[in-house]
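Undergrad: Supplied in structure tokens, the structure appears directly below.
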Amino acid sequence: MSRPRRIIALTGIVATAGFTSLAAATVASATTSACKSNPFCYTQEVHGTNLVMSVGSQRGPSSNEPVVVQKQDDRSTAADFLDGLAPFPRTSNAKFFEYAPRGRQSGYCVSEPHSHAALVLRSCDGSANQAWDATPSGSTYEWINEATGDAMTDPGHNSSHGRAGTQLTGARATAAASQLWDAFH
């Protein structure tokens with residue numbers, strides 16, 4: 001295991017206490033996908049919808065795999081992500097999201113390759129493009145990318161529910177409905 005991967009695995013344990021309190025504060029009941037037995041798995045939902053952050057296909061993780069929104073489905077592993085401290089964050093609350101079907105690490109993390117880009121899976125490497133800061137916005141929060149300053153955005157959401165299959169993007173943080181998230185465990 002390379003040094004960044006080892007750090008990611010170890011920091012996930014440390015991160016859970018802080019993230020659990022954030023999740024508990026934003027969600028009254030808990031629902032998740034197939035990894036719900038793993039205490040580090042969380043499903044990120046666009047606030048007020050049944051749409052969750054997911055991988056674009058079920059063929060297995062790969063570099064540049066699209067990160068999309070899909071309808072919550074407890075039988076699908078597409079929304080299984082481990083949340084933990086980013087290994088080299090510039091701020092104390094930065095998290096990474098590692099795709100983890102059935103709670104197993106894949107080695108691929110949600111990344112925004114450059115400003116205002118589509119979100120994709122990339123090999124977990126501890127870069128700032130994979131570090132996301134939780135910024136509270138009322139009872140929800142925005143995920144802000146440390147490298148770009150962009151918010152994780154469902155561009156299909158706009159003023160109504162988004163469309164399943166829409167690829168997530170990074171966009172200027174405005175606390176718009178398309179940028180507000182809840183966590184389910």
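The values are calculated or read from the model by the stated rules, or taken from the named source; none is laboratory data. Please read all numbers here as calculations on a predicted model, not as lab measurements. We place every Cβ from the backbone using ideal geometry, glycine too, and count neighbours over all the protein chains shown.
Undergrad: From (1) at pLDDT 85 or above; (2) buried (at least 22 other Cβ atoms within 10 Å of the Cβ), pick out the condition that doesn't hold for Ala86.
TA: (1)
Undergrad: Continuing with the same structure: Which ranges mark the strands (runs of 3 or more DSSP E) fully within segment 96-165 that have 1 or more residues being acidic (Asp, Glu)?
TA: 132-137, 140-145, 150-153
Undergrad: Moving on. Look at Ala183 and say whether it is at pLDDT below 90, of a type in the set (Gly, Ala, Ser) and in a strand (DSSP E or B).
TA: yes
Undergrad: Under 21 Å from Asp182 (Cβ atoms) and acidic (Asp, Glu): does that describe Asp133?
TA: Yes, satisfied.
Undergrad: Is there a residue being crowded, with 17+ Cβ neighbours inside 10 Å and small (Gly, Ala, Ser) anywhere in segment 59-73?
TA: No; the residues of segment 59-73 include none that is crowded, with 17+ Cβ neighbours inside 10 Å and small (Gly, Ala, Ser).
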